[in-house]
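Chemist: Here it is, the structure in full.
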Amino acid sequence: MDDFVKAALEIVKAQASVRTMTEEELVSMTRNLTASLKGIEVGEAASEEEPACAPGKSIKEKSISCCVCGKSFKILTKKHLASHGLDAVSYREKFGFKKNLPLVCKSLQRMRRKKMTEMKLWTKRKGAKPAKEAPKAAKTAKVAKAAAK
């Protein structure tokens, strides 16, 4: 077996002992590490890295996988993307996602949509007075209070 593959397998083995990894993650991480180690040996830096996962398959029902490192999350936060030197807009552009696509798993997106629909923030609340009438009501209350004295 190639020395590069052995070294990559050792690294992947250490990573797998720390966290749970899918078979797909193990294989892609081994490939990426082997290619990187070969590039270091030759003197080349890995110029254009392949995504750790297929961007089309990265958003699943209960998780979203980071296309840079391959880790799974419920939400891709600004902090995680910043660890790769990206923000949400550049991440979407780099991996070909639509501009308005939320970087959350499908179940969380569905739950948020349901909550917002139940809250109906776009409708006026019952009993709430419009903003223009509120100052008039305060003035009439003061006038009525002064008249009572």
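The values are calculated or read from the model by the stated rules, or taken from the named source; none is laboratory data. Predicted, not measured: the structure shown is a model, and the values here were computed from it. Neighbour counts are summed over all protein chains in view; Cβ atoms, including those assigned to glycine, are modelled from backbone coordinates with ideal geometry. Heavy atoms of the whole protein, side chains included, go into the accessibility calculation; ligands, DNA and RNA do not. Shrake-Rupley method; radii C 1.70, N 1.55, O 1.52, S 1.80 Å.
Chemist: Report, in listed order, any pair from K71/K94; K6/K38; K99/K120 with a Cα-Cα distance greater than 19 Å.
Modeler: K99/K120
Chemist: Turning to a different aspect of this structure: May I ask you to evaluate 6.51 cos²θ - 1.76 cosθ + 1.60, the Karplus curve with θ = phi - 60°, for each residue of segment 96-101 and list the ³J(HN,Hα) values in order in whole Hz, giving x for glycine and proline?
Modeler: Values, residue by residue: x, 7, 5, 4, 9, 6 Hz.
Chemist: Considering only protein heavy atoms, what is the solvent-accessible area of T20 at a probe of 1.4 Å, reported in Å² to the nearest 10?
Modeler: Around 130 Å² of this residue is reachable by solvent.
Chemist: Could you tell me which trypsin sites (Lys or Arg not before Pro) in segment 1-110 are loop residues by DSSP with no more than 16 other beta carbons within 10 angstrom of their beta carbon?
Modeler: In loop regions of segment 1-110 (DSSP not H, G, I, E or B), the sparsely surrounded trypsin sites (Lys or Arg not before Pro) are R19, K60, K62, K71, K74, K98, K99.
Chemist: Follow-up question, since we're still on this one. How long is the gain from D2 to N100 if the chain were fully straight, where each residue apart is worth 0.36 nm and the alpha carbon distance is subtracted?
Modeler: The D2-N100 span can extend by a further 30.8 nm.
Chemist: Tally up the carbon and sulfur contribution to the accessible surface of segment 64-119 as a whole percent, 1.4 Å probe, everything protein left in place.
Modeler: For segment 64-119, the apolar C and S fraction of the accessible surface comes to 57 percent.
Chemist: Could you please tell me the mean projected area of the C-alpha convex hull for segment 9-124, averaged over all directions and given in square nanometres to one decimal?
Modeler: For segment 9-124, the mean projected area of the Cα convex hull comes to 9.1 nm².
Chemist: Another question about this same structure. How do K126, K120 stack up against each other in accessible area, from largest to smallest, with a 1.4 angstrom probe?
Modeler: Descending accessible area places them as K126, K120.
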